Amino acid sequence: MKNFSSPQHISHYPVMLDEVLKICNPINGGDFIDCTFGYGGFSNAILSYPKTKVIALDRDIQTKKYAEKIKKNYKDRFSFYNKKFSELSKNINTKKKFDFIIFDLGASNMQILNLDRGFSFNSKTSIDMRMGLNSISANEVINSYSQQTLNDIIRLFGDEKESFKISKNIINERKKSPISSSVDLAGIIKKSKKKDFNKKINISTKTFQALRIFVNKEFSELINGLIEATKLIKSGGKIIVISFHSLEDKIVKFFFTNYSKNKSKVSRYLPDLSKGNTLFENYKNKIVIPTSEEIIKNKASRSAKLRYITRCKNDFFYPNDLKKKFIKYLEVEDRYV
Ligand SMILES: C[S@@+](CC[C@H](N)C(=O)[O-])C[C@H]1O[C@@H](n2cnc3c(N)ncnc32)[C@H](O)[C@@H]1O
């Protein structure tokens, strides 16, 4: 059997690479930021075009070894930062602006399949779920947070209807002994849920997803990352986002749609943008999805959605309404105990 705990044994397919290359057309060169380096699939493909330059980021220190390999081949055109993309402009010490900024969201296979990191239901040793540069692990959340907060996390980020019973049983079980592995947590979830005849997803999926989002503050990261990218992209440059979760896609869609030129005031949250006070060119609300061939080759790509947008000439202004619109998610992500 393959040893999945070692990332070297995991085959990797960058999701929608052809589609990303088609949008960027790197044969013409350009300055790129790869906000989610992972194994470096995108960075490597872009750098194979001689006139390109790539700055890559990843919050996971374990990706550094892949970055070092790429650095050997492209010494002058590639640099890597072990940083979160929510702090893009703070970490990239440059006055220059970029042609393309790419986000390929979520966790990588390297993270999910490494049982020691506790992302998977099958980990007997851990329930950690930190991608990197976090303040808290899932273990601490499960063993110290109040039932109210656990309930809010599981309901809001997992869309789990039985969150109350799951959070109550977590509290009851941890009184007996600390919950120390994903397998233990999956057992508690199974006990808490009514028989599930919808066998499409594992009974624990929603709760695990919710904890992962909370631990990594994934929605705050995305919202701040999009705002940072908008600051750093050139006029005429493109921001490209691949998301795997419907709420992530909702955030991207709201931002692109409501700050584009073809959208004037559409919601009570928004100022009237019709007076040239926009950040992006016209947005057609187009979603690119993987081909059926790609889905056969890489099943994990099936929920991917790609959106991209072009920055317009207007000066940057802070899009406060993006945060206002999703404030309930940001508030829960900021909660402690
Ligand atoms: C789906 S993988 C990207 C795979 C990559 N495109 C490739 O071709 O190998 C997502 C990566 O983004 C990183 N990541 C997720 N959120 C991040 C954040 N807020 N800041 C920086 N990196 C992040 C994860 O650690 C993970 O390595």
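For segment 98-113, taking the residues that are of a type outside the set (A, V, I, L, M) and more than 12 Å from the ligand (Cβ to nearest atom), the one that is surrounded by the fewest Cβ atoms within 10 Å (Cβ to Cβ) is identified as ASP99.
Every test in (1) farther than 27 Å from CYS35 by Cα; (2) of a type outside the set (Asp, Glu); (3) modelled with pLDDT of 95 or more is passed by LYS200 save one, and that test is (3). Got at least one residue in segment 216-223 being surrounded by fewer than 22 Cβ atoms within 10 Å (Cβ to Cβ), at pLDDT 95 or above, under 22 Å from LYS84 (Cα atoms) and of a type in the set (S, T, N, Q)? Yes, segment 216-223 contains at least one residue that is surrounded by fewer than 22 Cβ atoms within 10 Å (Cβ to Cβ), at pLDDT 95 or above, under 22 Å from LYS84 (Cα atoms) and of a type in the set (S, T, N, Q).
Here is a yes/no grid of residues against (1) surrounded by fewer than 20 Cβ atoms within 10 Å (Cβ to Cβ); (2) at pLDDT 95 or above; (3) acidic (Asp, Glu); (4) over 23 Å from the mean Cα position of the chain (by Cα):
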| residue | (1), (2), (3), (4) |
| --- | --- |
| SER235 | yes, yes, no, yes |
| ASP249 | no, yes, yes, no |
| ASN262 | yes, no, no, yes |
| GLY276 | yes, no, no, yes |
| ILE287 | yes, yes, no, no |
| LYS299 | yes, no, no, no |
| TYR336 | yes, no, no, no |
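Working only within segment 151-184, note down all residues that are in a loop (DSSP other than H, G, I, E, B) and free of Cβ contacts under 8 Å to residues at least 24 places away in the same chain. Across segment 151-184, the qualifying residues are LYS161, SER177.
Would you tally the residues in segment 232-254 being in contact with a Leu (Cβ under 8 Å, 6 or more places away or on another chain), more than 20 Å from SER108 (Cβ to Cβ) and either small (Gly, Ala, Ser) or more than 16 Å from the ligand (Cβ to nearest atom) (or both)? Qualifying residue count, segment 232-254: 1. The residues on offer are ASP128, ASP116, and the sole one that is within 16 Å of the ligand (Cβ to nearest atom), of a type in the set (Asp, Glu) and touching a helix residue (DSSP H, G or I) at 6+ places or on another chain (Cβ under 6 Å) is ASP128. The listed residues are SER108, SER167, and the only one of them that is over 17 Å from the mean Cα position of the chain (by Cα) and of a type in the set (Ser, Thr, Tyr) turns out to be SER167. Within segment 24-48, restricting attention to residues that are out of contact with any Ser or Thr (no Cβ under 7 Å at 6 or more places or on another chain) and over 15 Å from PRO14 (Cβ atoms), the residue that is farthest from the ligand (Cβ to nearest atom) is ASN28.
Total residues in segment 132-176 satisfying the condition of being under 15 Å from ARG335 (Cα atoms) and touching a Ser or Thr at 6+ places or on another chain (Cβ under 7 Å): the figure is 5. Scanning segment 83-92 for residues that are touching a residue at least 60 places away in the same chain (Cβ under 8 Å) and either in a loop (DSSP other than H, G, I, E, B) or within 11 Å of the ligand (Cβ to nearest atom) (or both) turns up LYS84, PHE85, SER86, GLU87, LEU88, ILE92. Among the residues of segment 11-65, those that are closer than 19 Å to ILE242 by Cα, of a type in the set (Gly, Ala, Ser) and surrounded by fewer than 20 Cβ atoms within 10 Å (Cβ to Cβ) comprise GLY41, ALA45.
ILE61 falls short on exactly one of the conditions (1) modelled with pLDDT under 95; (2) in contact with a Gly (Cβ under 7 Å, 6 or more places away or on another chain), and that condition is (1). The sole residue among PHE121, PHE98, PHE103 that is aromatic (Phe, Trp, Tyr) and closer than 16 Å to ASP58 by Cα is PHE103. On the phi < 0 side of the Ramachandran plot, more than 13 Å from the ligand (Cβ to nearest atom), charged (D, E, K, R) and in a loop (DSSP other than H, G, I, E, B), is that true of LYS95? So LYS95 passes the test.
The values are calculated or read from the model by the stated rules, or taken from the named source; none is laboratory data. This is a predicted model, so every value here is computed, not measured. Every residue, glycine as well, gets a Cβ built from its backbone with ideal geometry; the counts of neighbours run over all protein chains shown.
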